[in-house]
Amino acid sequence: MNIRIIALILLGILVIAGLLFVFQREAITRLFTRSTNLPVQQTDQDRSPSATIRGTTYTLEVARTQEELLRGLSGRESLEENRGMLFIFEQPDIYTFWMKDMRFPLDIIFIRQDVIVSIFTDITHPQSPNEQPQRVTSVAPADRVLELRAGEVKKHNIQNGDRITFNNL
């Protein structure tokens, strides 16, 4: 009789252990499934301001304050590929940009309400201290100006009237 009781106890323990294993496995599966359905964590690059023109996306630095608007890219040695600087103005107007203290050439794009209204390509920096910086003025009122590395406009056939999509501004 003792052997039957021991066998029943062992059988009960095995059943309980089996049930615990199954339930634990289902709980782990539910937990894993729930965690994989979480939104994808955004990287810093995903949250960076950007502009897309004709299928090419540029990560942007944004100049909003008076100091940032005045400094722009001056004093830098270069601008990385697929990068740009966006100047945001409160009111659309005719703006003039110049290449004071610039060390590399730029393409400058004037924008109004996400549409390109004026483009200047390969604007060069002064070659000597006595040379006056080159100036460019929009031919139509603009509320934003985008500076890119020289050659981007030509490379991607960017034209007046093209739309620009901005993200994370």
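None of the figures in this text is laboratory data; all of them are computed from the coordinates on show. The model shown is predicted, which means the values in this text are computed figures rather than measured ones. Here Cβ is always computed from backbone atoms with ideal geometry, including for glycine, and neighbour counts include all displayed protein chains.
Dipole check for segment 44-167: with +1 at the C-beta of Lys and Arg, -1 at the C-beta of Asp and Glu, and the Cα centre as origin, the magnitude is about 220 Debye. Here the simple spin-label model places points 7 Å from the Cα toward Cβ, and for Asp122 and Thr59 these points are separated by 2.9 nm. When the trypsin sites (Lys or Arg not before Pro) in segment 93-127 are filtered for DSSP coil states and for at most 14 other beta-carbon atoms within 10 Å of their beta-carbon, the remaining sites are Arg103. Cβ crowding within 10 Å ranks Met99, Met85 as Met85, Met99, fewest other Cβ atoms first.
What list do you get for Thr137, Thr121 if you sort them by fewest beta carbons within 10 Å?
Thr137, Thr121
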